[in-house]
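The values are calculated or read from the model by the stated rules, or taken from the named source; none is laboratory data. Worth saying up front: this structure is predicted, and the values here are computed from it rather than measured. A quick note on method: Cβ atoms are made from the backbone with ideal geometry, for glycine too, and the neighbour counts reach across all protein chains shown. Quick note on the areas: whole protein, heavy atoms, side chains included, nothing else; ligands and nucleic acids left out. Shrake-Rupley method; radii C 1.70, N 1.55, O 1.52, S 1.80 Å.
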Amino acid sequence: MSNVLTMVEACLDACGSERFGQVFSELAEQSGARQVMIFDLSGSQACCLLSRNFSRERLGEVLAEAYLEGGFREDPLLPVLTALSPGQRKLVHVRVRDSDMSESYRQRFFSTPGLSGKLAVLAVGEERRIIVNFYLAAQGEGGGPEAALASLAAKIALMHFEGLSRTGPPPALDVLSARERQVCLGMLDGKKAELIALELSVSPETIATYRKRAYAKLGISSKGALFALCRQGAAVRGSGERHEQTL
């Protein structure tokens, strides 16, 4: 218990800084989730604010790309998020067999990646509406986070992201070390490994090592997945959008 409280204090101290992603990941790891992801549905486009993988599977790219490119519109939690007022939070247990979930959504976000469900915390501030997802392993592979810890983690995450600029580097990269982040930012700028190595005064082999570590933390396995995770996704508002008042 004292260890968790220390992590909570560290998260609070790191709010508003680049350190937050790494410190928050340490707290989230205590949850027992296989992957933790935070999505922002408050702007003109869906955005991934954080992706941290705690298993060997590359869950980040499976979950983020499909969700950001329009899958969020099928999320049964979207109307729930829409209905919340600033300052409110809601914790929801989502299970793979929930009846209000479309079959296509179930397949893409639970059955195919081998997940039994997720514990989601919806949190609304003055500037952002976020969903903090703690994805759970298949049945019999361990439990998920305690509700109190998940809710507290989401509250702290909202505090951090409320004050974060929307025009800075992709916040999903903040779970990485400084070097890992520099390598990924170089890749996002279209630079080859040799040029990134020259700029950082290291060997191309070292760049490959940083890239591998970064991919493992993010839960991805390719350059394309990195771009998918860090770019703005599909428009939240749009033709046929049922929850236009959201966001």
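Observations
- Whichever residue in the stretch 59-74 is within 15 Å of the chain's Cα centre (by Cα) and acidic (Asp, Glu) and, among such residues, is farthest from Leu41 (Cα to Cα): Glu61
- Test: residue in the stretch 78-91 that is more than 18 Å from the chain's Cα centre (by Cα) and open to solvent by less than 30 Å² (accessible area, probe 1.4 Å): yes
- The set of residues from the stretch 94-121 being surrounded by 14 or more Cβ atoms within 10 Å (Cβ to Cβ), part of a loop (DSSP other than H, G, I, E, B) and touching a residue at least 40 places away in the same chain (Cβ under 8 Å) comprises Pro113, Gly114, Leu115.
Yes or no, residue by residue, for (1) in contact with a helix residue (DSSP H, G or I) (Cβ under 9 Å, 6 or more places away or on another chain); (2) among the aliphatic types (A, V, I, L, M); (3) open to solvent by less than 50 Å² (accessible area, probe 1.4 Å):
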{"position": "Gln22", "(1), (2), (3)": "yes, no, no"}
{"position": "Ser25", "(1), (2), (3)": "yes, no, yes"}
{"position": "Arg34", "(1), (2), (3)": "yes, no, yes"}
{"position": "Asp40", "(1), (2), (3)": "yes, no, yes"}
{"position": "Gln45", "(1), (2), (3)": "yes, no, no"}
{"position": "Cys48", "(1), (2), (3)": "yes, no, yes"}
{"position": "Ser51", "(1), (2), (3)": "yes, no, yes"}
{"position": "Ser55", "(1), (2), (3)": "no, no, yes"}
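- The set of residues in the stretch 43-63 being under 13 Å from Tyr215 (Cβ atoms) and either free of Cβ contacts under 8 Å to residues at least 12 places away in the same chain or hydrophobic (A, V, I, L, M, F, W, C) (or both) consists of Arg56, Leu59.
- The residue that is surrounded by the fewest Cβ atoms within 10 Å (Cβ to Cβ), among those in the stretch 154-212 that are aliphatic (A, V, I, L, M) and assigned to a loop (DSSP other than H, G, I, E, B), is Val202.
- In the stretch 9-20, the residues that are closer than 9 Å to His160 by Cβ form Cβ pairs under 8 Å with partners that are of a type in the set (D, E, K, R) and assigned to a helix (DSSP H, G or I), at six or more places apart or across chains, as follows: Phe20/Asp174.
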